[in-house]
Structure formats: structure tokens, C-alpha cells
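Novice: Can you read through this structure? Questions will come right after.
The values are calculated or read from the model by the stated rules, or taken from the named source; none is laboratory data. If you're wondering where the values come from, they're calculated on a predicted model, not measured in any experiment. Positions of Cβ are generated from backbone atoms using ideal geometry, with glycine treated the same way; all protein chains shown enter the neighbour counts. Please note that ligands, DNA and RNA were not included when accessible areas were found on the heavy atoms of the full protein model with its side chains. Shrake-Rupley method; radii C 1.70, N 1.55, O 1.52, S 1.80 Å.
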Amino acid sequence: MLRGGACGFLVRCLIPIVAGLHGAWAIAAGQQYVFNRLDFATGNRPSGTAIADVKGDGRQDLIVVNQTDGTVSVLLGMPDGTFGSRTDVSAGTGPHGIVIGDFNEDGKIDIAVTNTCGPSCGNISVLLGNGDGTFQKSVNFQAGGFFATVFDLNGDGKPDIISAGQTNSVAVFINQTGPYSISGTIRDSNSVPLSSVTVTLSGGAPVIINTDGTGTYAFNDLTAGQTYTVTPTKTNYTFAPLNQVFSKLSSNATGDFVGTLNNYSISGKVRDSFRNGMAGVTMTLSGSMSGAMTSAIFRLRLTQPMEKSSHEKGFIIANIRIVGASNRNMGIAAFHLGPRRTEIKSSPKRAQAMVTGTVSASTSE
């Protein structure tokens with residue numbers, strides 16, 4: 001209840017009421033005001049308070065520092081302006097003061113507590129908010145004192161912390177939170193960088209980039225506190241791991257991948273023109289990989305006369321056609337025969353021989 005005339009100077013009519021607050025009368029420029037008192041349980045020896053909407057429900061919540069317990073009590077705001085029962089969160093040793101701010105720029109209220117256990121262990125504990133009225137485990141920064149304040153000292157839009165120290169000094173903590181980056185290198189199973197790998201970042205708006213000749217990728221200017229997933233893809237490659245998840249990004253992160261070229265098989269049957277299976281035929285694979293012939297028995301169909309090689313005693317047969325299944329022909333541009341005295345018995349159109357050599361080129365028809 002509030003009674004009295006106009007204030008002679010600005011007076012806050014709504015103030016937090018906590019255990020240990022004494023007196024219900026206030027005098028302002030000769031005017032008398034009366035406040036109804038409500039007591040709420042806290043931890044042992046409360047020494048500092050702060051008001052903020054830590055749950056994100058539009059209601060003001062009460063945060064109390066308990067010096068003897070080394071805790072912070074969170075009392076969530078009720079619709080009628082009162083507070084619910086407390087939830088305690090561990091802080092440092094001998095906490096004294098408290099300030100609030102969005103220190104990691106994730107849109108959720110965080111708190112910083114000054115700990116005063118003595119000159120040798122004074123520090124500041126930062127507890128990041130989860131946005132639901134709870135807080136993460138504290139992270140301590142060395143130095144600090146009884147009191148602290150929050151202000152953007154360097155104009156980068158991030159809240160910095162200033163704390164009065166215990167050794168004739170003031171500690172200034174410049175906020176270096178985000179934006180962050182996720183980067184890495186993608187290599188094959190032989191540790192060779194892989195280029196032209198498509199790397200997709202999901203979690204916010206999807207971003208897709210490709211690795212260059214160094215196999216590296218980088219996603220920059222990422223919002224702190226978000227969860228991101230990085231996934232590499234490349235035709236005919238399998239990657240380990242398949243993807244990497246970076247939960248609640250709070251620093252620059254690195255994620256490397258290894259891509260393994262998939263192996264497949266090509267198989268079939270070779271038959272003669274009478275559809276009988278042919279033994280001893282060496283098949284040659286051409287393309288991005290090469291193969292060498294050793295020995296085989298071929299049924300050869302000559303499309304032009306055999307010519308004597310100028311550099312060996314054998315023969316060079318041009319435009320050989322190997323008769324395969326379903327009457328499909330596999331062409332070989334040039335095949336060097338050996339040994340020197342290979343005997344070739346031929347009819348006007350067909351020849352058969354045991355040959356050894358290397359395919360120098362291949363075409364298919």
C-alpha cells in the first residue's frame with residue numbers, strides 16, 4: 001500500500017523485498033510512504049540482489065547471492081508480483097555482488113557473481129542462463145572484488161564487466177564472445193587433402209560451400225549459443241564421421257573429416273561365338289585406373305593384315321576385336337605380342353594364339 005502526496009524527488013515505488021530488509025517507512029521531501037512487507041526464504045547470509053526475466057515469460061524474477069552458502073538463489077516471479085520458492089545454484093566461494101547481462105549474446109539472461117574469499121582467491125563466476133530460469137555451471141575468471149558493474153567499454157555491442165579489486169586495483173574483463181567460426185580440413189584415407197567436397201552447415205539458415213585444393217572449409221560469423229551440424233558429401237566417397245554436431249557454440253570450433261573412396265566390383269562372363277565359356281581370358285580395365293595383360297587365349301577377328309614390328313620380333317595386330325557375350329565386341333587399339341617366336345596360325349578371318357603383352361590403349365564399341 002502506498003499513501004502520500006507527490007514526491008519531491010524521484011522515488012521507486014516498486015522495490016524488491018528480500019529477507020533481512022528492515023523498516024517499512026520511507027520519507028521523501030517531507031512525504032511519508034508505507035510499503036507492505038513480504039519475506040521470501042533465501043540461502044544463508046544474502047548479500048546481493050538482482051532483478052531480471054531469467055525465464056523469458058515476461059515476469060521479473062529475483063536473483064539473490066548467498067555469501068555463506070556460496071550459492072545463488074533464483075526466485076521466479078509470479079503474476080501477482082510476488083515470487084515463488086527458491087532454486088539454489090552453486091557460485092564461487094564467498095559470493096558478494098551480482099550483475100546481469102547477456103554475456104554470450106544468445107538472447108538469454110546470464111549472471112556474474114563477485115567472490116570475495118580473500119585476496120588470493122577473489123574471482124568472478126559467470127553463470128550462463130538457459131532461458132528457462134535455470135543456469136549452467138559457473139565459469140570462474142581470476143581477479144575481481146566485492147562489487148561489479150556491466151558496461152560496453154569498447155563499443156562492440158557486447159557487455160563487459162568491471163570489478164573493484166581487493167588489492168588496490170580495478171579488474172576489467174573485455175567480452176570476447178562470438179561471433180564464432182567452425183572450420184576444418186577434409187582429407188582422403190592417405191591424408192591427401194580432398195577438393196570439391198560439398199560441406200553443408202545446418203542449424204540456422206543452411207550454408208553450403210566447397211573445399212578448395214587444400215581441403216579446407218570455414219563457416220564464419222556464427223551466432224553464439226546455437227547448435228550447428230556440419231556434413232560433408234562427395235560422389236563415390238564415404239566420410240568419417242558422417243557429420244559433426246557443435247552444441248551451443250561458445251568458442252571457435254574445428255571439425256576434420258576423412259573421406260574414403262568407395263570400392264565397387266564389375267563382373268560378368270566371357271563366351272565364344274558358340275556361347276561356350278572361355279577360360280584363361282585376361283580382362284583389362286581402362287579408364288581412371290589402368291591394368292596390364294599377362295597371358296590369355298583369344299579368339300581374334302582381324303580387320304586388317306598383321307604387320308611386322310620394327311622394334312621387336314613379334315607382331316603388332318591393329319584393331320583387335322575380342323568376341324564376347326551377346327556378340328558384343330571389346331576393342332583394343334594396339335597390343336604388342338610376345339614372346340619373340342609366338343606362332344600364329346590364322347585363316348583369312350580368324351587367328352588363335354597364346355600371347356603376352358600390355359594394352360597400350362583401349363576403345364569400346
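Novice: Among the listed residues 156, 212, 221, which satisfies the condition of being of a type in the set (D, E, K, R) and part of a strand (DSSP E or B)? Talk me through it step by step, then tell me what you get.
Specialist: Values: 156 fails: part of a strand (DSSP E or B); 212 fails: part of a strand (DSSP E or B).
Going through 156, 212, 221 in turn, just one is of a type in the set (D, E, K, R) and part of a strand (DSSP E or B): 221.
Novice: Could you tell me whether residue 63 is part of a strand (DSSP E or B), closer than 23 Å to residue 143 by Cβ and at pLDDT 90 or above?
Specialist: Judged against the criteria, residue 63 is a match.
Novice: Return the residues of segment 33-60 that are out of contact with any Phe, Trp or Tyr (no Cβ under 7 Å at 6 or more places or on another chain) and in a strand (DSSP E or B); say none if nothing qualifies.
Specialist: 33, 46, 47, 48, 49, 50, 51, 52
Novice: Now for a different question. I need the full set of residues from segment 220-253 which are among the polar types (S, T, N, Q) and either modelled with pLDDT under 95 or loosely packed, with under 11 Cβ neighbours inside 10 Å (or both), in order please.
Specialist: 220, 223, 226, 227, 235, 236, 247, 250, 251, 252
Novice: Moving to a separate point now. Of all residues in segment 68-101, which are open to solvent by 60 Å² or more (accessible area, probe 1.4 Å), of a type in the set (Val, Ile, Thr) and within 37 Å of the chain's Cα centre (by Cα)?
Specialist: Within segment 68-101, 87, 93 qualify.
Novice: If we scan segment 252-264, do we find a residue that is part of a loop (DSSP other than H, G, I, E, B), out of contact with any strand residue (DSSP E or B) (no Cβ under 8 Å at 6 or more places or on another chain) and over 24 Å from residue 180 (Cβ atoms)? I'd like the intermediate steps shown before the answer.
Specialist: From segment 252-264, those part of a loop (DSSP other than H, G, I, E, B) are 252, 255-256, 262-264; that's our starting set.
From what is left, the residues that are out of contact with any strand residue (DSSP E or B) (no Cβ under 8 Å at 6 or more places or on another chain) are 263-264.
Next cut, over 24 Å from residue 180 (Cβ atoms) only: 263-264.
Yes, that holds for at least one residue.
Novice: Right, here's the next one. Quick check on my filter: what residues within segment 254-281 are open to solvent by 60 Å² or more (accessible area, probe 1.4 Å) and of a type in the set (Gly, Ala, Ser)? If you could, list the steps in order and put the result at the bottom.
Specialist: Taking segment 254-281 as the starting set, the residues that turn out to be open to solvent by 60 Å² or more (accessible area, probe 1.4 Å) are 254, 256, 258, 260-261, 263-269, 271, 274-277, 279.
Across segment 254-281, the qualifying residues are 265, 267, 268, 277, 279.
Novice: Suppose we keep only residues that are hydroxyl-bearing (Ser, Thr, Tyr) and part of a strand (DSSP E or B) within segment 66-85. Which one would you say is farthest from residue 126 (Cα to Cα)? Don't jump to the end; show me each part of the working.
Specialist: Residues of segment 66-85 that are hydroxyl-bearing (Ser, Thr, Tyr), as a first pass: 68, 71, 73, 82, 85.
From the residues that got through so far, the ones that are part of a strand (DSSP E or B) too are 71, 73, 85.
Values: 71: 12, 73: 15, 85: 23 Å.
Filtering segment 66-85 for residues that are hydroxyl-bearing (Ser, Thr, Tyr) and part of a strand (DSSP E or B), the one farthest from residue 126 (Cα to Cα) comes out as 85.
Novice: Here's another thing I want to ask about it. Here are the criteria: (1) assigned to a loop (DSSP other than H, G, I, E, B); (2) open to solvent by 70 Å² or more (accessible area, probe 1.4 Å). Tell me which single one residue 146 does not satisfy.
Specialist: Status for residue 146: all satisfied but (1).
Novice: Still on this structure: Could you please find all residues in segment 180-217 being among the aliphatic types (A, V, I, L, M), without any contact (Cβ under 8 Å) to a residue 40 or more places away in the chain and open to solvent by less than 40 Å² (accessible area, probe 1.4 Å)?
Specialist: Filtering segment 180-217 down to residues among the aliphatic types (A, V, I, L, M) leaves 182, 186, 192, 194, 197, 199, 201, 205, 207-209.
Now narrow it down to the ones that are without any contact (Cβ under 8 Å) to a residue 40 or more places away in the chain: 192, 199, 201, 205, 207-209.
199, 201, listed by residue number.
Novice: Sticking with this one: Identify the residue in segment 211-223 that is more than 12 Å from the chain's Cα centre (by Cα) and of a type in the set (Gly, Ala, Ser) and, among all such residues, is nearest to residue 246 (Cα to Cα).
Specialist: Taking the candidates together, the pick is 215.
Novice: Among what's in segment 159-179 and is open to solvent by 30 Å² or more (accessible area, probe 1.4 Å), touching an Asp or Glu at 6+ places or on another chain (Cβ under 8 Å) and part of a loop (DSSP other than H, G, I, E, B), pick the residue that is modelled with the highest pLDDT.
Specialist: Looking at the filtered set, the residue picked out is 174.
Novice: Among the residues of segment 221-244, count how many are of a type in the set (A, V, I, L, M, F, W, C) and under 20 Å from residue 189 (Cα atoms).
Specialist: Residues flagged as of a type in the set (A, V, I, L, M, F, W, C) and under 20 Å from residue 189 (Cα atoms) within segment 221-244 amount to 4.
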